[in-house]
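Chemist: Structure in structure tokens, see below.
The values are calculated or read from the model by the stated rules, or taken from the named source; none is laboratory data. Since the structure is predicted, the reported quantities are computational estimates derived from the model, not experimental observations. Please note: Cβ atoms are built from the backbone with ideal geometry, for glycine as well, and neighbour counts cover all protein chains shown.
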């Protein structure tokens, strides 16, 4: 198998493990924190206590489907009774209130009596670190190379995740600080991977290389049901331990297989190395750019790049909205059990990965056949990656307690976002492949600020009211407005052309303005001497 395919596999799994660390808290926050008492008569939360009344409303002798729904409600009510019986039995033999004496009982499975405000801060804490982490990641990939940048930060994040239950038993503030550090370390992953894409991908295979970055999506598909099942059937502490141990095993594989570029890899054939370097000739420089060669001013004043940042913010707002809030919506508003909620929350990510594979293939095909310009391709792709997801989010808010239809709309909202692979997630490679990782670090630094603001907004708008459906309608409208608004900005200001500042400046050569003044001074001196 070609070595560049192995590199794709390693980038895929790197993003997978990064998302596993990211998603542990949004999932485990449900069993870790004791639910506050809610007055269900005014909350509007979907519960099944009125299932008999609903059956009377839905059964229709002329509609055979109504009998099927009646059967489903019976099964749901039966399962609920079984779980309540099991819960009452455990409560009879177990102290369900955590006391100072049980602080360091790591496998007690007892929840913490933390407020919704603390829950919101714990969910947002990852983004507090992830925002600067992306900028740091872009610099580390530029300075030390993506291989070492990912290796050492992954080790740190795996160890911190492994000891998270102990930190939680000490104090929630310590756990929050550890999540900030994990956010910093995992923020390195995607800018570093974009640097590897620029070095390893022939131009006409670039979209498929970027598809490998959907390893994070695959990690979400696996992580949601896996961690939810572990927490529900074993204990929530094991939901921290098992993924962290698996990540330590992966780190060994990364150290053995991943290298920064074809020129540095000891296992690549000469034929494949020459093929990649020839395809990239004139587009990507083989040497690593130095910090002094990075055109910071031109980057930060570039209209196409500013438009890309805004477009990327809208995309990440949608993703963080799903990652940080979907489990709360499914379990608290729609009444799913934890394992069921994990499986339902993972399904839309499967759609995003599947749709993304189709869009990446279509994007590479269009580029190869030159059907339309790259600029037009990127802008048309935002209709699928931003506009349609926004529409489906609005629809989710109006289906009420119809959990089947709600999950269908969530499935398509995140599924169509797979087109981001050929819109905002590829555009940095178009603008400046020599600085692709650094550009992505800036994009993600600004884009991940959405993860800081979403959890507090969710708790303020819906959480403190018991997560009623009508409050979630407001949240879905907010998500749709940000997503569609960012697309409109990109339609006017985006570009798919290589920018002039992509070329590396000679290190020993002074600034052109300084050089011009020096030449002018030398000429004036010569004239004076003459």
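Chemist: Within region 237-259, can one find any residue that is touching a helix residue (DSSP H, G or I) at 6+ places or on another chain (Cβ under 9 Å), closer than 30 Å to residue 31 by Cα and part of a loop (DSSP other than H, G, I, E, B)? Walk me through it before giving the result.
Modeler: Step one: filter region 237-259 for residues touching a helix residue (DSSP H, G or I) at 6+ places or on another chain (Cβ under 9 Å), giving 237-248, 250-251, 253-255, 257-259.
Subset that is closer than 30 Å to residue 31 by Cα: 237-248, 250-251.
Narrowing further to those that are part of a loop (DSSP other than H, G, I, E, B): 237.
Checking region 237-259: at least one residue is touching a helix residue (DSSP H, G or I) at 6+ places or on another chain (Cβ under 9 Å), closer than 30 Å to residue 31 by Cα and part of a loop (DSSP other than H, G, I, E, B).
Chemist: I'm trying to understand the selection: among the residues of region 360-375, which are out of contact with any helix residue (DSSP H, G or I) (no Cβ under 8 Å at 6 or more places or on another chain), in contact (Cβ under 8 Å) with a residue 40 or more places away in the chain and assigned to a helix (DSSP H, G or I)?
Modeler: Residue satisfying the conditions is 375 alone.
Chemist: Taking region 407-434, which residues are in contact with a helix residue (DSSP H, G or I) (Cβ under 8 Å, 6 or more places away or on another chain) and under 24 Å from residue 334 (Cα atoms)? First the steps, then the outcome.
Modeler: We begin by selecting, within region 407-434, every residue in contact with a helix residue (DSSP H, G or I) (Cβ under 8 Å, 6 or more places away or on another chain); these are 407, 409-434.
407, 409, 410, 411, 412, 413, 414, 415, 416, 417 - these are the residues of region 407-434 that are in contact with a helix residue (DSSP H, G or I) (Cβ under 8 Å, 6 or more places away or on another chain) and under 24 Å from residue 334 (Cα atoms).
Chemist: Of the residues 321, 317, which is within 24 Å of residue 224 (Cβ to Cβ) and modelled with pLDDT of 90 or more?
Modeler: On the way: 321 fails: modelled with pLDDT of 90 or more.
Just a single option satisfies the conditions, and that option is 317.
Chemist: Would you confirm whether or not region 283-296 contains a residue that is at pLDDT 75 or above, surrounded by fewer than 18 Cβ atoms within 10 Å (Cβ to Cβ) and not in a loop (DSSP other than H, G, I, E, B)? Even if it seems obvious, please write down each step before you answer.
Modeler: At the first step, the residues of region 283-296 found to be at pLDDT 75 or above are 294-296.
Retained after the next criterion (residues that are surrounded by fewer than 18 Cβ atoms within 10 Å (Cβ to Cβ)): 296.
Right, trim to not in a loop (DSSP other than H, G, I, E, B) and you get 296.
Yes, there is a match, as at least one residue in region 283-296 is at pLDDT 75 or above, surrounded by fewer than 18 Cβ atoms within 10 Å (Cβ to Cβ) and not in a loop (DSSP other than H, G, I, E, B).
Chemist: While we're on this one: Examine region 428-444 for a residue that is touching a residue at least 40 places away in the same chain (Cβ under 8 Å), under 20 Å from residue 125 (Cβ atoms) and crowded, with 24+ Cβ neighbours inside 10 Å, and state whether such a residue exists. Outline the logic, then answer.
Modeler: Residues of region 428-444 that are touching a residue at least 40 places away in the same chain (Cβ under 8 Å), as a first pass: 428-444.
Narrowing the set further to residues that are under 20 Å from residue 125 (Cβ atoms) leaves 444.
After this cut, where a residue has to be crowded, with 24+ Cβ neighbours inside 10 Å as well, the list is 444.
Yes, that holds for at least one residue.
Chemist: Restricting to region 122-150, what's the tally of residues that are touching a helix residue (DSSP H, G or I) at 6+ places or on another chain (Cβ under 6 Å) and closer than 23 Å to residue 8 by Cβ?
Modeler: 9
Chemist: Hey, could you check region 457-505 for residues that are modelled with pLDDT of 85 or more and outside any helix (DSSP H, G or I) and say which is surrounded by the fewest Cβ atoms within 10 Å (Cβ to Cβ)?
Modeler: For region 457-505, the residue satisfying everything is 497.
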